[in-house]
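Please treat every number below as a calculation from the coordinates, not as lab data. Model, not experiment: these values are computed from the prediction. Every residue, glycine as well, gets a Cβ built from its backbone with ideal geometry; the counts of neighbours run over all protein chains shown.
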Amino acid sequence: MGYVEIALYGIGGLVALAVVSFFILSAFYRKPGPEEAIVRTGMGGLKVQTGRGMIIVPVAHAADKMDLSVKRIEIAREGEDGLICQDNIRADIRVAFYVRVNNQQTDIMQVAEMLNPKRASEINQLRELFEAKFSEALKTVGKQFDFVSLYTDRDNFREQILNVIGTDLNGYRLDNCHIDYLEQTPLESLNPQNILDAEGIKKITELTTQENMKRNAFAVEESKVIKQQNVDRDQALYELERQRVDAEEKQKREIAEITARNQAAAAQVQEEERQRAESARIIAEEQIQVAEQNKDRQIIVALRNKERTDQVEIERVEKDRMLEVTERERVVGLADIEKDKAIEIEKRNIQEVIRERVMVERGVVEEQENIKNTQEIMTADRAKTVAVTLAEKDAQEALVVQVKAAEAEKQSAEFGAQQVVIEADAQRDAAEREMQATKMLAEAKIADQAAGGLAEAQVTLAKADALEKEGTAEASVIQRKGEAEAVVIDQTGSAEATIVQKKAVAEAKGDEAMAVATEKVGTAEASVMGLKFNAEATGIKEKAESMKLFHAAGKEHEEFKLQLNKDKDIQIAAIDAQQNIAEAQSEIVGEALRNSTIDIVGGETTFFDKIVDSIKAGKSVDRFIGNSDVLTDVKNTFFNGDNEYFVAQLRQFTGQFGISFEDVKDLSVAALVGRLITMADTEDDKSRLEDLLRVFRGAGVASQKVASLGLTDGNQAK
């Protein structure tokens, strides 16, 4: 190995040593952040490093980082603990203090000796250290300022706090403080028993009262000035509006006077032509109304005839449907009976099979036990067979006779039921024909007595009688049909029960003959089977009786009968009420119009309705005039209960305007009064004439001619 190789190995070893040393140093070397400091304890004592790194040997040293950033501590004095100012007014205040560990080795070491470096900058730890000191500083400085000065001189207040607290806080540094919130403490949070709070309450009350008084004075003065300005403005507007209205009314009056003078002559001719046309129109309308009423009356009569025909057809269809339903239910009931009978027969056959199987099994056992008596048993069996055959023959013969007799009775019952149904249908047809005849007589009687005013009640009574007879006929038909069906069902059920009973007796006799053959082992069995079949026959018979009593047709018949009686009572009560109303109406109208001459237009209830409407219209006019003070004054002024007084009033107006009755006798009353209104000079005369015109219109005489009132006979205006 040469020197070169040795040198290379030496250099490689040095490089490897350097690399290993570098990794060891990097593992033990720790650097703090810009706002951190490393505090090392252990070998070499307490050491602090900021900005540069430090070697930390895991076994020989212990190191922690200390936070040097600024922390915010908020001190609040509110409510009962509020800050008391120099003027004894309590204030709610919140001040934020900004504290950090001073970035000096001596200060950091001082803090590290007091606290764990990790907890040195925690907010709770800082609050425990400085809350009391900061609160005391706030009290001290706050007592040097008035409450208002806290708002106006905040910078000075902050500087005083910093001066009192100082910047050196045992290794910590107070950088700054700010007032976050400052308000007066509410009065409800103050204690009146506290002398300082009492003084503050007094000052607050005085200041707020004075300010409220000043503000209220300004508000009152403002309202007074605004109200006065509004009054002046309204007065000016009202005056201008009055002048404008006066000018418009004056112009309207002048235009109306000129227009009235120009149109007066033409209005008279137009009014005369209009009266002639109106008279012709009224006559034509009366004729048209009479024709329309006649047409409407004919239409109503035709519609009612059609309604009656439709109602009869509907009732006929409904009755047919009900008969079909009843027949269908009867067939269904008979089918149910047949089904039950077949089921009972099958049940009995099943019991017979079971009984035979038991007998076979028992015979096998007996044969095994009595093998020595085989000959005797065979002899007994032969005798039993002969007896059973003879008994079955007798039973079948009796059964055939009884079945034929039951079928004959059934056919006889069915023929009787059909006869009852035919008789009921005939009675129903007769009742329907009688009902139709009664309806036709009632309609004829209505047509003859239509002008008497009481036809409606008679029609209703006739309809009620017809409805009652029709309901009675239907009830009779349904009742007889139900009774016939009940008889058929009764006879059918009795026949079937008799057949079953006799067949059971025959079978019992056969079993008894067999029991004689095997008298030692079969006596008890024959008795039991005989009782069983007797019980079955009795059950079938009772079932038939129950079905007869509770048949659906009979039940529905009773329900329909009750419903029919109830509907009949309701219809009769309604007819009685309508009859009483019609009688009362006829008495009222007859008493009211005893001495009246009336032309009847319309039939049935139209006449009574028109009479009542006419009376109501007259009463309405009387009530309208009686309740109106203006119309009462007009009536007293122009009529005064005396025809001559009314003529005198007309003479006064016509004489006042130079008009004679001969000139106006062909005019209508409304045209005459309108002409007098246009010629009136004073507002009083116009008002009286307008009231008179309203009275004429309300009385319905405004369109009549003056001559038709009978007031111009022998009277000439002067």
Arrange the peptides 145-155, 6-16 so that the one whose residues have, on average, the most other Cβ atoms within 10 Å appears first.
145-155, 6-16
A383-E128 pseudo-label distance in nm [points 7 Å out on the Cα-to-Cβ vector]
12.6
Would you mind putting 262-274, 230-242 in packing order, based on average other-beta-carbon counts within 10 Å, highest first?
262-274, 230-242
Computed FRET value (nearest 0.05) for K347 with E397, which takes r as the C-beta separation and R₀ as 22 Å
0.30
Label point distance in nm, E211-D234, each placed 7 Å from Cα along Cα→Cβ:
3.6
Do you know the relative contact order of segment 65-190, to the nearest whole percent, from alpha carbon pairs under 8 angstrom that are 6+ apart?
39
What spacing in nm lies between the two simple spin-label points modelled at Y98 and L390, each 7 Å away from Cα in the Cβ direction?
14.1
If R0 is 60 Å, what FRET efficiency do you get for L334 and V364 from their C-beta distance, rounded to 0.05?
0.85
For each pair in K347/K404; K139/K203; K65/K139; K118/K139; K71/K139, compute the distance between the two Cα atoms and list the pairs where it is over 30 Å.
K65/K139; K118/K139
Two-site FRET efficiency, I255 against V225, from Cβ-Cβ distance with R₀ of 45 Å, rounded to 0.05:
0.50
May I ask you to order 49-55, 120-126 by the average number of other C-beta atoms within 10 Å around their residues, highest value first?
120-126, 49-55
Shape verdict for segment 256-369, please, from the Cα gyration tensor: rounded (a/c under 1.5), prolate (a/b greater than b/c) or oblate.
prolate
Where a ≥ b ≥ c are root eigenvalues of the Cα gyration tensor, a/c under 1.5 meaning rounded, otherwise prolate if a/b exceeds b/c and oblate otherwise, segment 17-99 counts as prolate
Where a ≥ b ≥ c are the square roots of the eigenvalues of the C-alpha gyration tensor, would you call segment 188-301 rounded, which needs a/c under 1.5, or, failing that, prolate if a/b is larger than b/c, or oblate?
oblate
